[in-house]
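The values are calculated or read from the model by the stated rules, or taken from the named source; none is laboratory data. Everything quoted here is computed from the prediction, not taken from an experiment. Cβ atoms come from the backbone with ideal geometry, glycine included; neighbour counts cover every protein chain shown.
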Amino acid sequence: MPVDIEKIETRLFINNEFVNSVSGKTFPSVNPATEEVICQVQEADSADVDVAVASARKAFSLGSPWREMNASGRRDLMLKLASLLERDRVYLEELEALDNGKPVAAHGKSYGTHVDLNLVLQCFRYYAGHADKIEGKTIPIDGKFLSMTLHEPIGVVGQIIPWNFPLLMFAWKICPALATGCTVVLKTSEKTPLTALHACKLIKEAGFPPGVVNVLSGFGPTAGKAIALHMDIDKVAFTGSTKVGHLIQQYSAESNLKRVTLELGGKSPMLVFDDADLDQAADAAHVGLFLNQGQCCCAGSRLFVQDTIYDAFVEKCIERAKKIKVGPQFDESTTQGPQVDKIQFDTVMRYLAKGKEEGATVKVGGDRHGDKGYYVQPTIFTDVTDEMVIAKEEIFGPVMSILKFSTVEEVIERANKTMYGLGAGVCTRDVGRALRLAKSIRAGTVWINSYDVFDCAQPFGGFKQSGIGRELGEYGLFNYIEVKTVVIPIDK
Ligand code: NAI
Ligand code: MG
(Lines give C-alpha, C1' and ligand atoms only; values in the text may rest on other atoms or scores of the structure.)
(Ligands and ions follow the chains in the order given, each with its own letter.)
Protein backbone atom coordinates (compact mmCIF):
# COMPACT_ATOMS: atom_id res chain seq x y z
CA MET A 1 0.00 0.00 0.00
CA PRO A 2 1.61 3.27 -1.10
CA VAL A 3 0.04 5.59 1.51
CA ASP A 4 1.43 5.29 5.05
CA ILE A 5 -1.79 4.78 6.99
CA GLU A 6 -0.25 5.66 10.34
CA LYS A 7 0.54 9.15 9.08
CA ILE A 8 -2.87 10.10 7.66
CA GLU A 9 -4.30 13.26 9.25
CA THR A 10 -7.67 12.44 10.81
CA ARG A 11 -8.49 15.43 13.03
CA LEU A 12 -10.64 18.49 12.35
CA PHE A 13 -8.95 21.66 11.04
CA ILE A 14 -10.06 24.76 12.95
CA ASN A 15 -8.22 28.08 13.26
CA ASN A 16 -5.14 26.59 11.58
CA GLU A 17 -4.86 23.79 14.17
CA PHE A 18 -5.71 20.11 13.95
CA VAL A 19 -8.02 19.26 16.84
CA ASN A 20 -10.19 16.44 18.10
CA SER A 21 -13.96 16.85 18.01
CA VAL A 22 -15.69 18.30 21.06
CA SER A 23 -17.54 15.03 21.64
CA GLY A 24 -14.45 12.91 21.00
CA LYS A 25 -16.50 10.77 18.64
CA THR A 26 -14.93 9.24 15.55
CA PHE A 27 -16.16 7.40 12.48
CA PRO A 28 -14.40 5.05 10.06
CA SER A 29 -13.33 5.84 6.52
CA VAL A 30 -13.37 2.75 4.35
CA ASN A 31 -11.41 1.55 1.34
CA PRO A 32 -14.18 0.46 -1.05
CA ALA A 33 -11.93 -1.98 -2.90
CA THR A 34 -11.33 -4.10 0.20
CA GLU A 35 -14.27 -3.05 2.43
CA GLU A 36 -11.65 -2.50 5.15
CA VAL A 37 -11.43 0.48 7.48
CA ILE A 38 -8.52 2.78 6.55
CA CYS A 39 -8.63 4.84 9.74
CA GLN A 40 -10.93 6.45 12.29
CA VAL A 41 -11.67 10.13 11.65
CA GLN A 42 -12.76 12.78 14.18
CA GLU A 43 -16.49 13.40 13.85
CA ALA A 44 -17.76 16.97 13.97
CA ASP A 45 -21.27 17.87 15.04
CA SER A 46 -22.98 21.15 15.87
CA ALA A 47 -20.62 22.00 18.75
CA ASP A 48 -17.64 21.82 16.39
CA VAL A 49 -19.50 23.83 13.76
CA ASP A 50 -19.97 26.58 16.36
CA VAL A 51 -16.25 26.66 17.14
CA ALA A 52 -15.32 26.68 13.46
CA VAL A 53 -17.81 29.44 12.62
CA ALA A 54 -16.49 31.58 15.49
CA SER A 55 -12.99 31.15 14.12
CA ALA A 56 -14.09 32.01 10.57
CA ARG A 57 -16.01 35.04 11.85
CA LYS A 58 -12.98 36.32 13.75
CA ALA A 59 -10.81 35.85 10.66
CA PHE A 60 -13.36 37.90 8.69
CA SER A 61 -13.60 40.73 11.24
CA LEU A 62 -12.55 44.23 10.22
CA GLY A 63 -8.86 44.80 10.86
CA SER A 64 -8.01 41.09 10.80
CA PRO A 65 -4.94 40.04 8.78
CA TRP A 66 -7.21 38.54 6.09
CA ARG A 67 -9.39 41.64 5.75
CA GLU A 68 -6.32 43.89 5.75
CA MET A 69 -4.50 41.84 3.15
CA ASN A 70 -4.07 43.26 -0.34
CA ALA A 71 -5.88 41.41 -3.10
CA SER A 72 -2.46 40.62 -4.54
CA GLY A 73 -1.60 39.02 -1.19
CA ARG A 74 -4.56 36.65 -1.52
CA ARG A 75 -3.44 35.90 -5.07
CA ASP A 76 0.06 35.03 -3.92
CA LEU A 77 -1.16 32.81 -1.09
CA MET A 78 -3.36 30.89 -3.49
CA LEU A 79 -0.46 30.45 -5.91
CA LYS A 80 1.74 29.26 -3.06
CA LEU A 81 -0.91 26.76 -2.05
CA ALA A 82 -1.15 25.54 -5.65
CA SER A 83 2.61 24.92 -5.64
CA LEU A 84 2.39 22.96 -2.41
CA LEU A 85 -0.49 20.87 -3.76
CA GLU A 86 1.64 20.19 -6.81
CA ARG A 87 4.60 19.23 -4.65
CA ASP A 88 2.40 16.67 -2.83
CA ARG A 89 0.30 15.64 -5.80
CA VAL A 90 1.40 12.01 -5.94
CA TYR A 91 0.54 11.55 -2.26
CA LEU A 92 -2.83 13.26 -2.79
CA GLU A 93 -3.58 11.16 -5.87
CA GLU A 94 -2.91 7.97 -3.93
CA LEU A 95 -4.79 9.06 -0.83
CA GLU A 96 -7.78 10.05 -2.96
CA ALA A 97 -7.70 6.69 -4.72
CA LEU A 98 -7.51 4.85 -1.41
CA ASP A 99 -10.44 6.68 0.17
CA ASN A 100 -12.72 7.00 -2.85
CA GLY A 101 -11.87 3.91 -4.94
CA LYS A 102 -11.14 5.75 -8.16
CA PRO A 103 -8.11 4.44 -10.05
CA VAL A 104 -4.70 6.03 -9.91
CA ALA A 105 -3.95 6.55 -13.58
CA ALA A 106 -0.66 7.67 -14.96
CA HIS A 107 0.06 10.86 -16.84
CA GLY A 108 -1.67 11.18 -20.19
CA LYS A 109 -4.76 9.16 -19.26
CA SER A 110 -8.16 10.79 -19.35
CA TYR A 111 -9.43 9.27 -16.11
CA GLY A 112 -8.29 8.68 -12.55
CA THR A 113 -6.92 10.80 -9.74
CA HIS A 114 -4.10 12.27 -11.83
CA VAL A 115 -6.74 14.07 -13.91
CA ASP A 116 -8.48 15.22 -10.73
CA LEU A 117 -5.25 16.78 -9.51
CA ASN A 118 -4.67 18.51 -12.85
CA LEU A 119 -8.06 20.16 -12.49
CA VAL A 120 -7.45 21.02 -8.82
CA LEU A 121 -4.22 22.84 -9.64
CA GLN A 122 -5.84 24.60 -12.59
CA CYS A 123 -8.65 25.80 -10.32
CA PHE A 124 -6.33 27.30 -7.69
CA ARG A 125 -4.24 29.08 -10.31
CA TYR A 126 -7.24 30.30 -12.27
CA TYR A 127 -8.93 31.85 -9.21
CA ALA A 128 -5.62 33.20 -7.90
CA GLY A 129 -5.57 35.17 -11.13
CA HIS A 130 -9.02 36.56 -10.37
CA ALA A 131 -8.19 37.66 -6.81
CA ASP A 132 -6.75 41.03 -7.84
CA LYS A 133 -9.21 41.62 -10.68
CA ILE A 134 -12.48 41.78 -8.79
CA GLU A 135 -13.74 45.17 -9.83
CA GLY A 136 -16.92 47.15 -9.38
CA LYS A 137 -18.28 49.84 -11.70
CA THR A 138 -18.72 53.58 -11.82
CA ILE A 139 -22.28 54.46 -12.76
CA PRO A 140 -23.49 57.66 -14.44
CA ILE A 141 -26.46 58.70 -12.28
CA ASP A 142 -28.50 61.92 -12.52
CA GLY A 143 -27.13 64.93 -10.62
CA LYS A 144 -23.66 65.86 -9.46
CA PHE A 145 -22.67 62.59 -7.90
CA LEU A 146 -20.13 59.90 -8.30
CA SER A 147 -21.84 56.53 -7.92
CA MET A 148 -19.87 53.34 -7.75
CA THR A 149 -20.17 49.74 -6.76
CA LEU A 150 -17.80 47.84 -4.52
CA HIS A 151 -17.66 44.08 -4.83
CA GLU A 152 -17.23 42.98 -1.26
CA PRO A 153 -16.74 39.46 0.09
CA ILE A 154 -20.04 38.01 1.28
CA GLY A 155 -18.56 36.95 4.64
CA VAL A 156 -18.39 33.60 6.37
CA VAL A 157 -19.39 30.86 3.96
CA GLY A 158 -20.51 27.33 4.75
CA GLN A 159 -19.67 24.73 2.14
CA ILE A 160 -20.87 21.13 1.99
CA ILE A 161 -19.29 18.83 -0.56
CA PRO A 162 -19.83 15.29 -1.88
CA TRP A 163 -17.55 12.32 -2.36
CA ASN A 164 -17.39 11.75 -6.11
CA PHE A 165 -14.54 14.24 -6.68
CA PRO A 166 -13.50 14.99 -3.10
CA LEU A 167 -10.48 17.22 -3.63
CA LEU A 168 -11.81 18.79 -6.81
CA MET A 169 -15.08 19.77 -5.11
CA PHE A 170 -12.98 21.19 -2.27
CA ALA A 171 -11.14 23.33 -4.86
CA TRP A 172 -14.34 24.39 -6.67
CA LYS A 173 -15.70 25.60 -3.35
CA ILE A 174 -12.78 27.24 -1.56
CA CYS A 175 -11.08 28.87 -4.57
CA PRO A 176 -13.73 31.49 -5.41
CA ALA A 177 -14.30 32.06 -1.68
CA LEU A 178 -10.60 32.78 -1.10
CA ALA A 179 -10.23 34.87 -4.26
CA THR A 180 -13.03 37.18 -3.11
CA GLY A 181 -11.78 37.39 0.50
CA CYS A 182 -14.41 35.28 2.29
CA THR A 183 -13.69 32.86 5.12
CA VAL A 184 -14.80 29.25 5.01
CA VAL A 185 -16.28 26.45 7.10
CA LEU A 186 -16.35 23.40 4.85
CA LYS A 187 -17.70 19.95 5.57
CA THR A 188 -16.39 17.04 3.52
CA SER A 189 -18.43 13.95 2.75
CA GLU A 190 -18.39 11.28 5.44
CA LYS A 191 -17.45 8.83 2.68
CA THR A 192 -14.21 10.62 1.70
CA PRO A 193 -12.79 12.90 4.40
CA LEU A 194 -9.07 12.32 3.95
CA THR A 195 -7.59 14.38 1.10
CA ALA A 196 -9.08 17.70 2.23
CA LEU A 197 -7.33 17.25 5.58
CA HIS A 198 -3.97 16.91 3.89
CA ALA A 199 -4.76 20.04 1.88
CA CYS A 200 -5.37 21.80 5.22
CA LYS A 201 -1.79 21.07 6.24
CA LEU A 202 -0.73 22.85 3.08
CA ILE A 203 -3.08 25.77 3.75
CA LYS A 204 -1.27 26.28 7.02
CA GLU A 205 2.15 25.81 5.43
CA ALA A 206 1.31 28.33 2.69
CA GLY A 207 0.70 30.95 5.41
CA PHE A 208 -3.04 31.61 5.29
CA PRO A 209 -4.08 33.41 8.50
CA PRO A 210 -5.83 31.28 11.16
CA GLY A 211 -9.56 30.83 10.66
CA VAL A 212 -9.67 31.62 6.94
CA VAL A 213 -10.30 27.96 6.08
CA ASN A 214 -11.82 25.51 8.56
CA VAL A 215 -12.55 21.93 7.53
CA LEU A 216 -14.81 19.50 9.37
CA SER A 217 -15.35 15.80 8.80
CA GLY A 218 -18.81 14.56 9.72
CA PHE A 219 -22.28 13.57 8.65
CA GLY A 220 -25.02 15.50 6.89
CA PRO A 221 -27.91 15.41 9.36
CA THR A 222 -25.59 16.58 12.18
CA ALA A 223 -22.67 18.75 11.04
CA GLY A 224 -24.08 19.55 7.59
CA LYS A 225 -27.45 20.60 8.95
CA ALA A 226 -25.77 22.72 11.66
CA ILE A 227 -23.86 24.61 8.96
CA ALA A 228 -26.96 25.21 6.83
CA LEU A 229 -28.98 26.38 9.87
CA HIS A 230 -26.23 28.50 11.42
CA MET A 231 -27.21 32.08 12.21
CA ASP A 232 -23.68 33.43 11.71
CA ILE A 233 -23.01 31.95 8.27
CA ASP A 234 -23.74 34.36 5.41
CA LYS A 235 -23.89 31.93 2.54
CA VAL A 236 -24.04 28.20 1.99
CA ALA A 237 -22.81 26.35 -1.09
CA PHE A 238 -23.87 22.74 -1.46
CA THR A 239 -23.11 19.95 -3.90
CA GLY A 240 -24.94 16.64 -3.58
CA SER A 241 -28.36 15.08 -4.03
CA THR A 242 -31.44 17.02 -5.07
CA LYS A 243 -33.21 15.67 -2.00
CA VAL A 244 -30.71 17.31 0.36
CA GLY A 245 -30.63 20.42 -1.87
CA HIS A 246 -34.29 20.97 -0.97
CA LEU A 247 -33.37 20.70 2.72
CA ILE A 248 -30.53 23.21 2.43
CA GLN A 249 -32.89 25.77 0.90
CA GLN A 250 -35.35 25.08 3.70
CA TYR A 251 -32.67 25.45 6.42
CA SER A 252 -31.75 28.83 5.00
CA ALA A 253 -35.37 29.95 5.18
CA GLU A 254 -35.71 28.64 8.73
CA SER A 255 -32.61 30.49 9.90
CA ASN A 256 -31.13 33.71 8.52
CA LEU A 257 -31.88 33.63 4.78
CA LYS A 258 -28.25 32.91 4.07
CA ARG A 259 -27.51 32.95 0.35
CA VAL A 260 -27.82 29.49 -1.20
CA THR A 261 -26.13 27.98 -4.21
CA LEU A 262 -26.84 24.38 -5.11
CA GLU A 263 -25.15 21.96 -7.45
CA LEU A 264 -27.42 18.91 -7.58
CA GLY A 265 -28.24 15.79 -9.50
CA GLY A 266 -29.10 15.14 -13.09
CA LYS A 267 -30.45 12.75 -15.66
CA SER A 268 -28.67 14.28 -18.58
CA PRO A 269 -29.62 13.42 -22.16
CA MET A 270 -27.04 12.49 -24.78
CA LEU A 271 -28.46 12.65 -28.30
CA VAL A 272 -26.87 10.84 -31.22
CA PHE A 273 -28.14 11.63 -34.73
CA ASP A 274 -27.57 9.46 -37.76
CA ASP A 275 -25.29 11.99 -39.44
CA ALA A 276 -22.84 12.03 -36.53
CA ASP A 277 -19.30 10.69 -36.68
CA LEU A 278 -20.37 7.50 -34.95
CA ASP A 279 -17.00 6.66 -33.45
CA GLN A 280 -16.58 10.15 -32.04
CA ALA A 281 -20.15 9.97 -30.70
CA ALA A 282 -19.60 6.53 -29.17
CA ASP A 283 -16.44 7.77 -27.44
CA ALA A 284 -18.30 10.78 -26.07
CA ALA A 285 -21.25 8.67 -24.91
CA HIS A 286 -18.87 6.21 -23.26
CA VAL A 287 -16.91 8.83 -21.35
CA GLY A 288 -20.09 10.74 -20.59
CA LEU A 289 -21.50 7.75 -18.75
CA PHE A 290 -18.67 5.59 -17.45
CA LEU A 291 -16.29 8.29 -16.24
CA ASN A 292 -15.58 8.02 -12.53
CA GLN A 293 -17.43 4.71 -12.11
CA GLY A 294 -20.53 6.48 -13.40
CA GLN A 295 -20.53 8.68 -10.33
CA CYS A 296 -20.91 12.06 -12.05
CA CYS A 297 -23.71 14.54 -11.49
CA CYS A 298 -23.75 15.35 -15.22
CA ALA A 299 -23.49 11.73 -16.45
CA GLY A 300 -25.15 11.34 -19.85
CA SER A 301 -27.42 8.71 -18.39
CA ARG A 302 -30.19 8.87 -21.01
CA LEU A 303 -28.57 7.99 -24.31
CA PHE A 304 -31.02 8.73 -27.14
CA VAL A 305 -29.96 7.15 -30.44
CA GLN A 306 -31.72 7.76 -33.77
CA ASP A 307 -33.57 4.67 -35.00
CA THR A 308 -31.75 4.53 -38.37
CA ILE A 309 -28.40 3.83 -36.67
CA TYR A 310 -29.62 2.35 -33.40
CA ASP A 311 -28.32 -1.20 -33.81
CA ALA A 312 -24.96 -0.16 -35.24
CA PHE A 313 -24.45 2.39 -32.49
CA VAL A 314 -25.39 -0.02 -29.72
CA GLU A 315 -22.68 -2.35 -31.05
CA LYS A 316 -20.09 0.43 -30.73
CA CYS A 317 -21.17 1.10 -27.16
CA ILE A 318 -20.92 -2.59 -26.29
CA GLU A 319 -17.45 -2.82 -27.83
CA ARG A 320 -16.23 0.06 -25.66
CA ALA A 321 -17.91 -1.11 -22.46
CA LYS A 322 -16.32 -4.53 -22.82
CA LYS A 323 -12.87 -2.93 -22.84
CA ILE A 324 -13.35 -1.44 -19.36
CA LYS A 325 -10.98 -3.06 -16.90
CA VAL A 326 -12.63 -3.31 -13.49
CA GLY A 327 -10.21 -3.68 -10.59
CA PRO A 328 -8.53 -2.20 -7.53
CA GLN A 329 -7.48 1.44 -7.66
CA PHE A 330 -3.73 0.78 -7.47
CA ASP A 331 -3.62 -1.76 -10.28
CA GLU A 332 -2.19 0.14 -13.23
CA SER A 333 -4.46 -1.49 -15.80
CA THR A 334 -7.65 -0.57 -13.91
CA THR A 335 -9.97 1.83 -15.69
CA GLN A 336 -12.96 1.38 -13.36
CA GLY A 337 -12.62 1.03 -9.60
CA PRO A 338 -15.27 0.13 -7.02
CA GLN A 339 -18.27 2.32 -6.20
CA VAL A 340 -17.54 4.63 -3.28
CA ASP A 341 -19.23 2.62 -0.51
CA LYS A 342 -21.76 -0.04 0.35
CA ILE A 343 -24.69 2.37 0.33
CA GLN A 344 -23.95 3.48 -3.23
CA PHE A 345 -23.18 -0.09 -4.31
CA ASP A 346 -26.53 -1.29 -2.95
CA THR A 347 -28.33 1.56 -4.67
CA VAL A 348 -26.81 0.71 -8.04
CA MET A 349 -27.62 -2.99 -7.55
CA ARG A 350 -31.24 -2.06 -6.83
CA TYR A 351 -31.42 -0.09 -10.09
CA LEU A 352 -29.96 -3.04 -12.01
CA ALA A 353 -32.71 -5.27 -10.61
CA LYS A 354 -35.32 -2.62 -11.40
CA GLY A 355 -34.16 -2.27 -15.01
CA LYS A 356 -34.41 -6.02 -15.57
CA GLU A 357 -37.78 -6.19 -13.86
CA GLU A 358 -39.16 -3.41 -16.05
CA GLY A 359 -38.14 -5.21 -19.22
CA ALA A 360 -34.97 -3.44 -20.37
CA THR A 361 -32.51 -5.73 -22.15
CA VAL A 362 -29.11 -6.31 -20.57
CA LYS A 363 -26.50 -6.23 -23.33
CA VAL A 364 -23.42 -6.14 -21.13
CA GLY A 365 -22.89 -6.70 -17.41
CA GLY A 366 -25.92 -6.35 -15.19
CA ASP A 367 -24.48 -7.67 -11.95
CA ARG A 368 -21.82 -7.13 -9.32
CA HIS A 369 -18.20 -7.80 -10.24
CA GLY A 370 -16.49 -10.39 -8.05
CA ASP A 371 -17.59 -11.02 -4.49
CA LYS A 372 -15.38 -8.66 -2.49
CA GLY A 373 -15.26 -4.87 -2.80
CA TYR A 374 -18.03 -2.64 -4.08
CA TYR A 375 -17.49 -3.42 -7.76
CA VAL A 376 -20.27 -3.25 -10.34
CA GLN A 377 -19.98 -4.64 -13.86
CA PRO A 378 -20.09 -1.99 -16.58
CA THR A 379 -23.66 -2.38 -17.78
CA ILE A 380 -25.61 -1.49 -20.89
CA PHE A 381 -29.40 -1.62 -21.00
CA THR A 382 -31.15 -1.31 -24.36
CA ASP A 383 -34.87 -1.09 -25.15
CA VAL A 384 -35.16 1.48 -22.39
CA THR A 385 -38.30 3.60 -22.48
CA ASP A 386 -39.00 7.00 -20.92
CA GLU A 387 -41.34 5.62 -18.26
CA MET A 388 -38.84 3.17 -16.79
CA VAL A 389 -37.37 4.08 -13.41
CA ILE A 390 -33.84 3.67 -14.81
CA ALA A 391 -34.65 6.39 -17.36
CA LYS A 392 -35.98 8.79 -14.73
CA GLU A 393 -33.88 8.51 -11.59
CA GLU A 394 -30.20 9.22 -11.06
CA ILE A 395 -28.39 5.86 -10.79
CA PHE A 396 -24.89 7.21 -10.13
CA GLY A 397 -23.19 4.04 -11.31
CA PRO A 398 -21.71 2.43 -14.46
CA VAL A 399 -25.10 1.79 -16.04
CA MET A 400 -25.81 3.03 -19.57
CA SER A 401 -29.43 3.22 -20.68
CA ILE A 402 -30.03 3.45 -24.43
CA LEU A 403 -33.31 4.78 -25.81
CA LYS A 404 -34.48 5.10 -29.42
CA PHE A 405 -35.85 8.19 -31.20
CA SER A 406 -36.95 9.13 -34.73
CA THR A 407 -37.26 12.89 -35.16
CA VAL A 408 -35.64 16.08 -33.88
CA GLU A 409 -38.91 17.45 -32.49
CA GLU A 410 -39.61 14.23 -30.65
CA VAL A 411 -36.18 13.99 -29.06
CA ILE A 412 -36.18 17.62 -27.91
CA GLU A 413 -39.42 17.04 -26.09
CA ARG A 414 -38.28 13.79 -24.52
CA ALA A 415 -34.85 15.13 -23.55
CA ASN A 416 -36.50 18.01 -21.69
CA LYS A 417 -39.10 15.84 -19.97
CA THR A 418 -37.25 15.68 -16.65
CA MET A 419 -37.04 17.67 -13.45
CA TYR A 420 -33.30 17.98 -14.03
CA GLY A 421 -31.23 20.20 -16.32
CA LEU A 422 -27.53 19.84 -15.63
CA GLY A 423 -25.79 18.61 -18.77
CA ALA A 424 -26.56 17.42 -22.29
CA GLY A 425 -24.73 16.10 -25.31
CA VAL A 426 -25.58 16.43 -28.99
CA CYS A 427 -23.79 14.47 -31.69
CA THR A 428 -24.40 15.57 -35.27
CA ARG A 429 -22.35 16.93 -38.17
CA ASP A 430 -25.07 19.45 -39.02
CA VAL A 431 -23.98 22.74 -37.41
CA GLY A 432 -27.38 24.36 -37.68
CA ARG A 433 -29.03 21.41 -36.00
CA ALA A 434 -26.38 21.36 -33.28
CA LEU A 435 -27.08 25.02 -32.53
CA ARG A 436 -30.83 24.48 -32.57
CA LEU A 437 -30.43 21.66 -30.07
CA ALA A 438 -28.07 23.73 -27.93
CA LYS A 439 -30.80 26.38 -27.70
CA SER A 440 -33.67 23.95 -27.17
CA ILE A 441 -32.31 21.81 -24.38
CA ARG A 442 -32.81 23.21 -20.92
CA ALA A 443 -29.50 22.38 -19.29
CA GLY A 444 -26.55 24.28 -17.85
CA THR A 445 -23.99 22.79 -20.24
CA VAL A 446 -24.46 21.38 -23.76
CA TRP A 447 -21.51 19.52 -25.18
CA ILE A 448 -21.52 19.17 -28.96
CA ASN A 449 -19.78 16.08 -30.39
CA SER A 450 -18.09 15.64 -27.01
CA TYR A 451 -18.92 15.21 -23.34
CA ASP A 452 -17.41 16.04 -19.95
CA VAL A 453 -15.01 18.64 -21.31
CA PHE A 454 -14.20 20.46 -18.09
CA ASP A 455 -12.18 23.60 -17.56
CA CYS A 456 -12.45 25.83 -14.53
CA ALA A 457 -12.72 28.90 -16.77
CA GLN A 458 -16.20 27.86 -17.98
CA PRO A 459 -19.27 28.01 -15.76
CA PHE A 460 -21.02 24.86 -14.63
CA GLY A 461 -24.41 24.40 -12.99
CA GLY A 462 -27.99 23.42 -13.45
CA PHE A 463 -31.35 24.50 -14.78
CA LYS A 464 -34.50 23.39 -12.94
CA GLN A 465 -33.91 21.04 -9.99
CA SER A 466 -30.28 20.47 -10.92
CA GLY A 467 -29.33 23.51 -8.94
CA ILE A 468 -29.14 27.22 -8.31
CA GLY A 469 -26.25 29.37 -9.48
CA ARG A 470 -23.13 28.64 -11.49
CA GLU A 471 -19.75 27.52 -10.24
CA LEU A 472 -16.42 28.10 -11.98
CA GLY A 473 -15.39 30.82 -14.35
CA GLU A 474 -15.98 34.47 -13.63
CA TYR A 475 -19.64 33.64 -12.94
CA GLY A 476 -18.56 31.53 -9.97
CA LEU A 477 -17.20 34.60 -8.20
CA PHE A 478 -20.61 36.25 -7.95
CA ASN A 479 -21.79 33.65 -5.44
CA TYR A 480 -19.23 35.06 -3.02
CA ILE A 481 -19.75 38.78 -3.57
CA GLU A 482 -22.11 41.35 -2.13
CA VAL A 483 -22.53 44.45 -4.28
CA LYS A 484 -22.36 47.70 -2.33
CA THR A 485 -23.37 51.04 -3.88
CA VAL A 486 -21.43 54.09 -2.71
CA VAL A 487 -22.60 57.60 -3.66
CA ILE A 488 -20.51 60.77 -3.23
CA PRO A 489 -21.57 64.35 -4.09
CA ILE A 490 -19.15 66.22 -6.34
CA ASP A 491 -18.15 69.82 -5.40
CA LYS A 492 -20.32 72.39 -7.18
P1 NAI B 1 -25.98 13.60 -0.10
O2 NAI B 1 -26.68 14.69 -0.81
O3 NAI B 1 -26.65 12.97 1.06
O4 NAI B 1 -24.54 14.08 0.41
C5 NAI B 1 -23.81 15.18 -0.08
C6 NAI B 1 -23.26 15.99 1.08
O7 NAI B 1 -24.35 16.52 1.82
C8 NAI B 1 -22.43 15.19 2.08
O9 NAI B 1 -21.39 16.00 2.58
C10 NAI B 1 -23.45 14.90 3.18
O11 NAI B 1 -22.86 14.67 4.43
C12 NAI B 1 -24.25 16.18 3.18
N13 NAI B 1 -25.60 16.07 3.75
C14 NAI B 1 -26.42 14.99 3.76
N15 NAI B 1 -27.57 15.28 4.40
C16 NAI B 1 -27.48 16.58 4.80
C17 NAI B 1 -28.34 17.44 5.53
N18 NAI B 1 -29.54 17.05 5.97
N19 NAI B 1 -27.92 18.71 5.77
C20 NAI B 1 -26.72 19.14 5.33
N21 NAI B 1 -25.86 18.34 4.66
C22 NAI B 1 -26.23 17.08 4.38
O23 NAI B 1 -25.61 12.51 -1.19
P24 NAI B 1 -25.13 10.99 -0.93
O25 NAI B 1 -25.98 10.34 0.12
O26 NAI B 1 -23.68 10.99 -0.70
O27 NAI B 1 -25.47 10.35 -2.33
C28 NAI B 1 -26.82 10.05 -2.66
C29 NAI B 1 -27.10 10.37 -4.10
O30 NAI B 1 -26.95 11.77 -4.32
C31 NAI B 1 -26.17 9.74 -5.11
O32 NAI B 1 -26.55 8.44 -5.41
C33 NAI B 1 -26.31 10.65 -6.26
O34 NAI B 1 -27.47 10.33 -6.98
C35 NAI B 1 -26.48 12.02 -5.62
N36 NAI B 1 -25.22 12.77 -5.56
C37 NAI B 1 -24.99 13.79 -6.44
C38 NAI B 1 -23.79 14.45 -6.44
C39 NAI B 1 -23.48 15.54 -7.39
O40 NAI B 1 -22.33 15.69 -7.78
N41 NAI B 1 -24.45 16.37 -7.74
C42 NAI B 1 -22.70 14.07 -5.53
C43 NAI B 1 -23.05 13.05 -4.61
C44 NAI B 1 -24.26 12.43 -4.65
MG1 MG C 1 -13.79 6.05 1.92
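Some notes on this structure:
- Number of positions in segment 314-338 that are hydrophobic (A, V, I, L, M, F, W, C), more than 11 Å from residue 286 (Cβ to Cβ) and in contact (Cβ under 8 Å) with a residue 60 or more places away in the chain: 2
- Among the residues making up segment 45-72, those that are farther than 10 Å from residue 211 by Cβ and touching a Phe, Trp or Tyr at 6+ places or on another chain (Cβ under 9 Å) are 45, 67.
- For the criterion of being surrounded by fewer than 23 Cβ atoms within 10 Å (Cβ to Cβ) and either touching a helix residue (DSSP H, G or I) at 6+ places or on another chain (Cβ under 9 Å) or of a type in the set (Gly, Ala, Ser) (or both), residue 279 passes.
- Residue count, segment 250-262 (criterion: touching a Lys or Arg at 6+ places or on another chain (Cβ under 9 Å) and not in a loop (DSSP other than H, G, I, E, B)): 5
- Unmet criterion (only one of (1) of a type outside the set (Val, Ile, Thr); (2) in contact with a His (Cβ under 7 Å, 6 or more places away or on another chain); (3) surrounded by 21 or more Cβ atoms within 10 Å (Cβ to Cβ)) for residue 107: (3)
- For segment 338-365, filtered to residues that are touching a strand residue (DSSP E or B) at 6+ places or on another chain (Cβ under 9 Å) and more than 16 Å from ligand 1 (Cβ to nearest atom), the residue that is nearest to residue 193 (Cα to Cα) is 365.
- Residue within segment 31-50 that is away from ligand 2 (no atom under 16 Å from the Cβ), under 22 Å from the mean Cα position of the chain (by Cα) and more than 25 Å from residue 228 (Cα to Cα) present: no
- Here residue 453 passes the criteria (1) in contact with a strand residue (DSSP E or B) (Cβ under 9 Å, 6 or more places away or on another chain); (2) under 21 Å from residue 413 (Cα atoms); (3) surrounded by fewer than 17 Cβ atoms within 10 Å (Cβ to Cβ) except the one numbered (2).
- The listed residue being more than 30 Å from residue 107 (Cβ to Cβ) and either of a type outside the set (Val, Ile, Thr) or within 16 Å of ligand 2 (Cβ to nearest atom) (or both), out of 394, 332: 394
- One residue stands out among those in segment 203-249 that are in a loop (DSSP other than H, G, I, E, B) and within 21 Å of the chain's Cα centre (by Cα): the one that is farthest from ligand 2 (Cβ to nearest atom), which is 241.
- Subset of segment 443-460 [of a type outside the set (S, T, N, Q), touching a Gly at 6+ places or on another chain (Cβ under 8 Å) and closer than 14 Å to residue 476 by Cα]: 444, 456, 457, 459, 460
- Unique residue being modelled with pLDDT of 95 or more, assigned to a loop (DSSP other than H, G, I, E, B) and within 21 Å of residue 297 (Cβ to Cβ) when the list is 402, 395: 395
- The numbered conditions (1) of a type in the set (Phe, Trp, Tyr); (2) part of a helix (DSSP H, G or I); (3) in contact with a strand residue (DSSP E or B) (Cβ under 9 Å, 6 or more places away or on another chain) are all true for residue 124 except (3).
- The one condition in (1) closer than 13 Å to residue 399 by Cβ; (2) not in a loop (DSSP other than H, G, I, E, B) that residue 324 fails to fulfil: (2)
- When the residues of segment 168-202 are filtered to those that are farther than 17 Å from residue 123 by Cβ and of a type in the set (Ser, Thr, Tyr), the one that is nearest to the chain's Cα centre (by Cα) is 189.
- So residue 411, is it more than 16 Å from ligand 1 (Cβ to nearest atom) and part of a strand (DSSP E or B): no
- Against the test of being under 23 Å from residue 94 (Cβ atoms) and either of a type outside the set (Val, Ile, Thr) or crowded, with 23+ Cβ neighbours inside 10 Å (or both), the options 387, 332, 358, 394 yield a single qualifying residue, 332.
- Residues of segment 464-492 that turn out to be surrounded by fewer than 20 Cβ atoms within 10 Å (Cβ to Cβ) and in contact with a Gly (Cβ under 7 Å, 6 or more places away or on another chain), as a count: 2
- Any hit, segment 63-72, residues being over 30 Å from residue 230 (Cβ atoms) and modelled with pLDDT of 95 or more: yes
- Within segment 1-20, residues that are within 17 Å of residue 97 (Cα to Cα) have Cβ atoms under 7 Å from residues that are polar (S, T, N, Q) and surrounded by 13 or more Cβ atoms within 10 Å (Cβ to Cβ) in these pairs: 10/42, counting only partners at least 6 apart in sequence or on another chain.
- Boolean, residue 254 is at pLDDT 95 or above, acidic (Asp, Glu) and within 14 Å of residue 402 (Cβ to Cβ): no
Here's the yes/no breakdown for (1) among the acidic types (Asp, Glu); (2) closer than 30 Å to residue 483 by Cβ:
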| site | (1), (2) |
| --- | --- |
| 246 | no, yes |
| 257 | no, yes |
| 261 | no, yes |
| 264 | no, yes |
| 294 | no, no |
| 322 | no, no |
| 331 | yes, no |
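- One residue stands out in segment 118-155 among those that are of a type in the set (Val, Ile, Thr) and in contact with a helix residue (DSSP H, G or I) (Cβ under 8 Å, 6 or more places away or on another chain): the one that is nearest to residue 87 (Cα to Cα), namely 120.
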